[in-house]
Amino acid sequence: MKNLSGLAAGMAALMGAGAALAQELPVIGRPVDKMTGFQPAATELARELQGLDHMLNIIIGVIVVFVTALMIYSFVRFNRKANPKPATFTHNTPIEIAWTLVPILVLVFIGAFSLPVLFKQQEIPEGDIVIKVTGNQWNWSYEYVGEDVEFTSFMIGGPGTDDALILTPDVEAKLVAAGYAKEDFLLATDTAVVLPVGKTIVMQVTASDVIHSWTIPAFGVKQDGVPGRLAQLWFKPEVEGVFYGQCSELCGKEHAYMPITVKVVSQEVYDAWLARAKVGDVTLAANPAPLTVASNN
């Protein structure tokens, strides 16, 4: 049973930060219909991944254009009509050296940029906040390590509720009551991971039954949760907002209905939320409907 002093501390923190709790959060991690591209990068990891992808697309494009042009030239220059008498040589040492060295140099160039990005993801720093996340069929459980805060997030209108996995007026009302829009159906959860902006976050990822995968595209992170194993990922959110992810490992018949909701807020709002969460209220109360912004470039 929670003691009275803890309750009093939580209520005091809530009252002291009432104004901060009323901030509006832009929805950054929502897919946009008929749009393509990445979600806006909200971490250094995501920016580097997107930059690497753009660079690789340029390299791939140049290679495709070069090979296509070479093929067209060969078709025109060496077809039977234009070249009735074919050459009889079988080797061309300079060309063979070139088509061996050039791909090697291209791969070395790519590796020089991609390996640092990979190593940065894999080298887990000391986290300002450490959260253990457990994938379940079909929801996510969170434990803020060292803070005595635990909760499970269910999709609003999803498995584990009385709803039928469709956007009914009742489900829409639940979304609005939780501060979401109807467009957030299949994305929004009844509780969310709340994080302060500008802090290093370490997520310890595992699963209780089958393999799941915790993913937030705007953060540039994805990690499989394997039963009996504890993996880690890290990120440092740079902007405040609402971010969405999905389980990205096929985990059963309700795989499509276990989204992830992360709310990045100011330190003041986070401190007030944490105080309330320690006395049993993990919702980000008094948070109005989030502002909507384009999420794909």
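The values are calculated or read from the model by the stated rules, or taken from the named source; none is laboratory data. The structure presented is a predicted model; accordingly, all values stated were derived computationally and were not measured. Cβ sites come from the backbone with ideal geometry, for glycine too, and all protein chains shown count toward neighbours. When the accessible area is computed, the model is the full protein with side chains, heavy atoms only, and any ligands, DNA or RNA have been set aside. Shrake-Rupley method; radii C 1.70, N 1.55, O 1.52, S 1.80 Å.
Worth pointing out:
- Stokes-Einstein D for the stretch 100-258, Kirkwood Rh over Cα pairs, 37 °C, 0.692 mPa s (µm²/s): 189 µm²/s
- The lysines within cross-link reach of K120, meaning a Cα-to-Cα straight distance under 18 Å and a gap of 8 or more places when in the same chain, are K199, K222, K236.
- P(r) of the stretch 46-183 over all Cα-Cα pairs, binned every 5 Å from zero, in whole percent: 2, 7, 8, 9, 9, 9, 8, 9, 8, 7, 6, 5, 5, 5, 3, 1, 0
- Loop-resident GluC sites (Glu not before Pro) (DSSP state other than H, G, I, E or B) in the stretch 45-124 with no more than 12 further Cβ atoms inside 10 Å of their Cβ: E123.
- 1.4 Å probe accessible area per residue over the chain, in Å²: 55 Å²
- The stretch 46-107 - Rg over Rh from alpha carbon coordinates, Kirkwood radius: 1.17
- Kyte-Doolittle mean at least 0.5, axial Cα span of 27 Å or more - DSSP H helices of the chain: 44-77, 93-122
- Inter-part distance where the stretch 112-156 and the stretch 23-92 are each reduced to a Cα centre, Å: 33 Å
- Aspartates and glutamates with Cα under 20 Å of K182, excluding same-chain neighbours fewer than 8 positions away: E24, D33, D162, D163, D170, E172, D190
- Accessible-area value, V106, 1.4 Å probe, nucleic acids and ligands omitted, Å²: 50 Å²
- Alpha carbon Rg of the chain, scaled by the compact-globule rule 2.2 N^0.38 Å: 1.33
- The chain - mean residue ellipticity at 222 nm from DSSP helices (-39,500 (n - 2.57) per run, n ≥ 4, rounded to 500): -11500 deg cm²/dmol
- Portion, in percent, of the accessible area of the chain that falls on carbon or sulfur, probe 1.4 Å: 64 percent
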